[in-house]
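Peer 1: Just passing along the structure, written as C-alpha cells.
The values are calculated or read from the model by the stated rules, or taken from the named source; none is laboratory data. Keep in mind that what you see is a predicted model, and the values were worked out from it rather than measured. We place every Cβ from the backbone using ideal geometry, glycine too, and count neighbours over all the protein chains shown.
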Amino acid sequence: MSLLLREHDLARAFDHAACTYDSLTSLNPGYHTDLLRSARRLRLPDDGAGLHVLDVGCGTGASTRALLRAAPRARITAVDASAGMLRRALAKPWPARVRFLHLTAEEVTAAGEGPFDAAFAAYLFRNVTDPDAVLSSVRTLLRPGGRISAHEYTLSGRRRHRALWAAVCHGVVIPAGTLTGDRALYRHLWHSVIAFDTAPAFAGRLTRAGFTGVRVAPVSGWQTGMVHTFLARNGPSPARTTTARERVR
C-alpha cells in the first residue's frame with residue numbers, strides 16, 4: 001500500500017492538520033528563516049512596487065508572510081487546494097494587497113488570474129500528482145522574463161542526507177504527527193521526499209519545462225542537503241528596464 005496521498009485525499013489530510021500545522025512547523029529550527037531567504041532570492045526590485053506575485057501552495061500563509069517581508073509593496077495572490085489551510089491563513093492579519101483564493105495551480109489560469117511577475121512555491125511540487133503539468137501552468141501564468149522561486153524538500157542525492165531525513169521523520173516528525181491525529185499526512189511527508197526528484201533532477205525538470213537560467217541554492221543549517229531553493233526565469237529577461245515590472249530578472 002502506497003504511503004503517498006494524492007489530490008483530494010491529500011487536501012483532506014491538510015484540512016484536518018490545519019489547526020496544528022503552524023505549531024508543528026514552529027518546532028523546525030530555521031523554518032521561517034529559510035522561507036524568507038528563498039523569497040528574497042527572487043530579488044524583486046523596489047520592494048515589489050508595481051508587481052503582482054503568485055504564492056502557489058500557500059498553506060497557512062507562512063510562505064505568503066515571507067513574500068510580504070521580501071517584497072512589502074507587491075500585490076500578492078496566494079492560492080491553495082486545502083480549504084482548511086486557507087481558513088488558518090485568512091484568520092491572520094494581512095494588508096489589503098494580499099488576497100487568498102481556494103484554487104489549485106492548474107485552476108488559476110481558468111479563474112482569469114494573472115499574468116504574474118513572479119511566483120513562489122514552497123513545498124508544492126512533490127505533493128502534486130503531475131509536477132510537470134503544474135510547472136507548465138505556473139510558466140503560463142508568468143510574464144516573459146518572470147521569475148520563479150521554488151522552496152522544496154529535495155535530497156542532494158548523497159546517502160547521508162537520505163539517512164538523516166529518515167531519522168528526523170521517524171524520530172520526530174511522524175511521532176509528533178501521530179499525537180495530533182495526522183499520522184497519515186506526516187508519513188506522506190517522509191515518503192514524498194524519498195520518492196521525489198533529487199535536487200539535480202528537479203533542476204533538470206525545470207529546464208525541460210522551458211524555464212531558463214535555472215540555479216539551485218541549498219538552505220543553511222540542519223536542513224542542508226535536504227531543502228533547496230530553485231530559481232529560474234520564464235524565458236529571457238525583458239529587453240527594457242524602464243519600469244519596476246520590467247526589472248524582474
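Peer 1: Quick test of your reading of the structure: THR60 fulfils all but one of (1) without any contact (Cβ under 8 Å) to a residue 40 or more places away in the chain; (2) touching an Asp or Glu at 6+ places or on another chain (Cβ under 9 Å); (3) among the polar types (S, T, N, Q). Name the failing condition by number.
Peer 2: (1)
Peer 1: Now a separate question. For the range 145-180, name all the residues that are within 23 Å of LEU103 (Cβ to Cβ) and over 15 Å from the mean Cα position of the chain (by Cα).
Peer 2: GLY146
Residues checked against (1) without any contact (Cβ under 8 Å) to a residue 24 or more places away in the chain; (2) buried (at least 23 other Cβ atoms within 10 Å of the Cβ):
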| site | (1), (2) |
| --- | --- |
| TYR21 | no, no |
| ALA66 | no, yes |
| ALA83 | no, no |
| PRO93 | yes, no |
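Peer 1: Restricting the range 95-131 to residues that are more than 13 Å from THR60 (Cβ to Cβ), in contact with a Gly (Cβ under 8 Å, 6 or more places away or on another chain) and at pLDDT 95 or above, which is surrounded by the fewest Cβ atoms within 10 Å (Cβ to Cβ)?
Peer 2: Residues of the range 95-131 that are more than 13 Å from THR60 (Cβ to Cβ), as a first pass: 95-99, 101-121, 124-131.
Remaining after also requiring in contact with a Gly (Cβ under 8 Å, 6 or more places away or on another chain): 105, 108, 115-119, 121, 124, 127.
Narrowing the set further to residues that are at pLDDT 95 or above leaves 115-119, 121, 124, 127.
Values: PRO115: 14, PHE116: 26, ASP117: 27, ALA118: 29, ALA119: 26, ALA121: 24, LEU124: 23, ASN127: 23.
Per the criteria, the residue is PRO115.
Peer 1: Among the acidic types (Asp, Glu) and either over 17 Å from the mean Cα position of the chain (by Cα) or more than 19 Å from SER2 (Cα to Cα) (or both) - does that describe any residue in the range 195-214? I'd like the intermediate steps shown before the answer.
Peer 2: Looking only at the range 195-214, we keep the residues that are among the acidic types (Asp, Glu), and these are 197.
Applying the additional criterion that residues be either over 17 Å from the mean Cα position of the chain (by Cα) or more than 19 Å from SER2 (Cα to Cα) (or both) yields none.
So far as the range 195-214 goes, no, none of its residues is among the acidic types (Asp, Glu) and either over 17 Å from the mean Cα position of the chain (by Cα) or more than 19 Å from SER2 (Cα to Cα) (or both).
Peer 1: Give THR20, THR77, THR33, THR60 a once-over and let me know the one that is assigned to a loop (DSSP other than H, G, I, E, B) and of a type in the set (Val, Ile, Thr).
Peer 2: Testing whether each residue is assigned to a loop (DSSP other than H, G, I, E, B) and of a type in the set (Val, Ile, Thr) leaves just THR60.
Peer 1: So, in the range 27-41, exactly how many residues are surrounded by 19 or more Cβ atoms within 10 Å (Cβ to Cβ) and touching a Gly at 6+ places or on another chain (Cβ under 9 Å)?
Peer 2: The number of residues fulfilling the criteria is 1.
Peer 1: To continue, here is another question. Is it fair to say THR140 is under 24 Å from PHE14 (Cα atoms), touching a helix residue (DSSP H, G or I) at 6+ places or on another chain (Cβ under 8 Å) and modelled with pLDDT of 95 or more?
Peer 2: no
Peer 1: Counting just the residues of the range 36-50 that are charged (D, E, K, R) and assigned to a helix (DSSP H, G or I), which one comes out nearest to VAL172 (Cα to Cα)?
Peer 2: Ranking the qualifying residues of the range 36-50, first place goes to ARG37.
Peer 1: Give the residue that is farthest from LEU10 (Cα to Cα), with candidates limited to residues of the range 167-190 that are buried (at least 16 other Cβ atoms within 10 Å of the Cβ) and not hydrophobic (A, V, I, L, M, F, W, C).
Peer 2: Among residues in the range 167-190 that are buried (at least 16 other Cβ atoms within 10 Å of the Cβ) and not hydrophobic (A, V, I, L, M, F, W, C), the one farthest from LEU10 (Cα to Cα) is THR180.
Peer 1: Moving to a separate point now. Under the condition of being farther than 24 Å from ALA39 by Cβ and of a type outside the set (A, V, I, L, M), which residue from the range 191-225 is surrounded by the fewest Cβ atoms within 10 Å (Cβ to Cβ)?
Peer 2: Looking at residues that are farther than 24 Å from ALA39 by Cβ and of a type outside the set (A, V, I, L, M), I get ARG208.
Peer 1: Based on this model, can you work out whether VAL53 counts as surrounded by fewer than 23 Cβ atoms within 10 Å (Cβ to Cβ) and not in a loop (DSSP other than H, G, I, E, B)?
Peer 2: no
Peer 1: I'm trying to understand the selection: among the residues of the range 95-140, which are touching a Ser or Thr at 6+ places or on another chain (Cβ under 6 Å), of a type in the set (A, V, I, L, M) and either farther than 22 Å from LEU189 by Cβ or assigned to a helix (DSSP H, G or I) (or both)?
Peer 2: ALA105
Peer 1: Residues of the range 1-10 being outside any loop (DSSP other than H, G, I, E, B) and surrounded by 19 or more Cβ atoms within 10 Å (Cβ to Cβ), which ones?
Peer 2: Answer for the range 1-10, where residues must be outside any loop (DSSP other than H, G, I, E, B) and surrounded by 19 or more Cβ atoms within 10 Å (Cβ to Cβ): just LEU10.
Peer 1: Conditions: (1) under 17 Å from the mean Cα position of the chain (by Cα); (2) more than 25 Å from GLY213 (Cα to Cα); (3) not in a helix (DSSP H, G or I). MET85 meets all but one. Number of the miss?
Peer 2: (3)
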